[in-house]
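Below you'll find the structure, written out as structure tokens, and then a few comments.
The values are calculated or read from the model by the stated rules, or taken from the named source; none is laboratory data. Model, not experiment: these values are computed from the prediction. Counting neighbours? That spans all protein chains shown, and the Cβs are built from the backbone with ideal geometry, glycine included. We work out accessible area using only protein heavy atoms, side chains counted, and drop any ligands, DNA or RNA first. Shrake-Rupley method; radii C 1.70, N 1.55, O 1.52, S 1.80 Å.
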Amino acid sequence: MHPEAVAALGIREWDAVSLTGSRTTSAVVGLAGPDTPAGGVLLDDVTLSNAGLRDGTEVVVAAVTVYGARSVTLSGSAASQALSPTTLRQALLGKVLTVGDAVSLLPRDLGPGTSTSEATAALASAVGISWTSELLTVTGVDPAGPVSVQPNSLVTWGNGATATSPAPAVTHVRPARIAIDELKGCEAQAAKLAE
């Protein structure tokens, strides 16, 4: 985005914005060159698609609060699912994701703290040459809303409705009742609570 538009939104470079076309998504903002019109927004193909836009159409841009992801669930091809969670997390570090978004395995190569050499080497050895064009779908995020993948985010494969392995059954056990006279040394506190 043009620096004047970034300033008008009250944000800085590398902050996130929401982009609303036929659907709402979020993306990280970089500063455009001086030849970009102040009201123009340059989007890559994946972000255009995520917002449901075509080149040259209008988009509503607003500042958005993005939280660090506790977890992100993705779906993708069998080849991409061969990636380890560590490699997958490295590829997605710093990217802003919303449920329903398509996301590229290309690591974010602009902005602070974006050394991509380790992730690039791991992706190439795990998936082969197709990793550069692979798109994944975000099926779940925690917390809800736009999130940023962090070094401690749990990144897993699944369909969003269930985890890749079934969740353990939750059994509710009612604690045994204890009579007040069994609380030796706590009679005064028990009497106060009973009161």
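Some points to look at:
- Segment 1-80: GluC sites (Glu not before Pro) in DSSP coil with no more than 16 other Cβ atoms inside 10 Å: E13, E58
- Share of carbon and sulfur in the accessible area of segment 39-152 stands at 54%, probe radius 1.4 Å.
- Electrostatic bookkeeping for A194 treats Lys and Arg as +1 and Asp and Glu as -1; over the other residues with beta carbon under 13 Å from its beta carbon, the sum is -2.
- Each Lys or Arg adds one and each Asp or Glu takes one away; over the other residues whose Cβ falls under 13 Å from the Cβ of A124, this sums to -2.
- Relative contact order computed over segment 1-96 (Cα-Cα under 8 Å; 6+ residues apart), in percent: 32 percent
- For segment 1-104, the convex hull spanned by the alpha carbon atoms encloses 113 Å³ per residue.
- The packing ranking, built from the mean of other Cβ atoms within 10 Å per residue, places the peptides 75-81, 22-28 in the order 22-28, 75-81, highest first.
- The residues of segment 56-155 present an accessible area of 48 Å² per residue when probed at 1.4 Å with all protein chains retained.
- The mean sequence separation of alpha-carbon pairs under 8 Å and at least six residues apart, normalised by the residue count of segment 18-162, gives a relative contact order of 34 percent.
- Using the Cβ of P3 as centre and a radius below 15 Å, the other residues enclosed give a net charge of -3, where K and R count +1 and D and E count -1.
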